[in-house]
Amino acid sequence: MSSNKKYAMLDTDFIFKSHIARNKHNHVLIDFVLEFKDYEFYCHEQIVKELNKHSITPNPIPWLKDKINNNIVYMYSDRDILQDLTQVYGQAATDMYRTMLKISCDTFNSGFYNLYYSSLDALETNCDSEVFLQTLEKCDNNIPPKNGLGEKKTYVLIQMMQVFHNGNVYLFCSDDFQARQSLSGLQNPVYALSILGVFFKLMKSGRPKEEMQEYYDHLSAFLVNQKEYKVLDKVGLHRIKVPMQNVLDDIYDGKFQLLRNGDLQYIK
């Protein structure tokens, strides 16, 4: 195994936006991502469930299922996470999953865990894994839609990956600042990459602007209500609004650096 291998989690927003970004031949931006050297790609099964609920055209589900079936993207269930944790924590794996879930929930919504997952705390310490998974599923089913469950389950998966691959875990996520900034609340470092970061990396790899412009414009047309992206100023203290088209121009003019949290920061 390569010592430089990176373990990248894909979230819902990243998948559908990088699938929408495409050229006239319907080649999608995320296929470039899956070619990034030394990366392995993962998603939680909740991401697939959430994408199924979105009315997105073109539908990314057939693409994603094909990648999963061909072991290009590895899908984890809660059972899979628990089984991997058992390798390290034995019977205490259920308690460790519960701790990771609480951290994940608190990262986004204070009180969310207590509101929806209190049944897990009623279970005995080191409880049977089947009892734990059944209780967890009941809790999940009681959560109303649009509460970011896929995001929270992805953060559990991130923490599990940190147990085995600390320092080499990445989140490929939304351009939303909160989604990336929340990574700083985790105990161990996690790198982030947004859609803008993908264009930056492709520029660095030598992809010409004329080629990338088509993908960028296709995504911009989808984001009909969004006219600007937020990036960091030269000092790194303020996030400023920049017209969407200007951002790609500035990427190719070498005006940015890419930070570990996925932000683009002006350097000139």
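What to note about this one:
- Structural descriptor for region 1-140: relative contact order 18 percent, calculated from alpha carbon pairs under 8 angstrom and at least 6 residues apart.
- For the set 251, 267, solvent exposure ranked by accessible area (probe 1.4 Å, protein chains only) runs largest to smallest as 267, 251.
- Here the simple spin-label model places points 7 Å from the Cα toward Cβ, and for residue 260 and residue 240 these points are separated by 2.6 nm.
- Extension gain, residue 99 to residue 118, is 5.6 nm, computed as 0.36 nm per intervening residue step minus the present C-alpha separation.
- Projecting label points 7 angstrom from Cα along Cα→Cβ for residue 25 and residue 80 puts them 3.1 nm apart.
- Less than 5 angstrom separates the built amide H of residue 73 from those of 68, all sequence-distant by 5 or more or on a different chain.
- Given their separation in residues at 0.36 nm each and the Cα-Cα distance between them, residue 207 and residue 143 gain 18.8 nm when the chain is fully extended.
- All Cα pairs of the chain, percent lying beyond 33 Å: 22 percent
- Backbone phi angles across region 78-85, fed through the Karplus curve with coefficients 6.51, -1.76 and 1.60 (θ = phi - 60°), yield HN-Hα couplings of 4, 4, 4, 4, 5, 5, 5, 5 Hz in residue order; Gly and Pro are listed as x.
- For region 60-105, the residue among 75, 94, 64 whose Cα projects farthest onto the positive side of the dipole built from Cβ charges is 64.
- Accessible area, probe 1.4 Å, largest first, for residues 203, 212: 203, 212
- In region 1-77, lysine pairs closer than 23 Å at Cα, eight or more apart or cross-chain: 19
- When only Cα pairs below 8 angstrom with a gap of at least 6 residues are kept, the chain shows a relative contact order of 21 percent.
- Helix 129-141 and the longest principal axis of the C-alpha atoms of the chain enclose an angle of approximately 50°.
- The chain, dipole about Cα centre (Lys/Arg Cβ +1, Asp/Glu Cβ -1), debye to the nearest 20: 760 debye
- Nearest-10 value in Å² for the accessible area of residue 238, using the 1.4 Å probe: 110 Å²
- Among 81, 72, 240, residue whose mean-square fluctuation peaks in a GNM of the chain (springs only between Cα atoms under 10 Å): 240
- A simple rule links phi to the HN-Hα coupling: the Karplus curve 6.51 cos²θ - 1.76 cosθ + 1.60 with θ = phi - 60°, which for region 158-171 gives 4, 5, 5, 5, 5, 4, 9, 9, 3, x, 10, 9, 10, 10 Hz, with x for Gly and Pro.
- Taking 163, 48, 190 as the candidate residues, the one with maximal mean-square fluctuation in a Gaussian network model of the chain, Cα springs under 10 Å, is 163.
- Where the chain is the region considered: accessible area per residue in Å², 1.4 Å probe: 48 Å²
- Surface composition of the chain: carbon plus sulfur atoms contribute 46% of the solvent-accessible area (1.4 Å probe, protein chains only, all chains present).
The values are calculated or read from the model by the stated rules, or taken from the named source; none is laboratory data. Not measured: the values here are computed from a predicted model. Backbone-built Cβ (ideal geometry, glycine too); neighbour counts: all protein chains shown. Remember, those area values only see protein heavy atoms, side chains included, never the ligands or the DNA or RNA. Shrake-Rupley method; radii C 1.70, N 1.55, O 1.52, S 1.80 Å.
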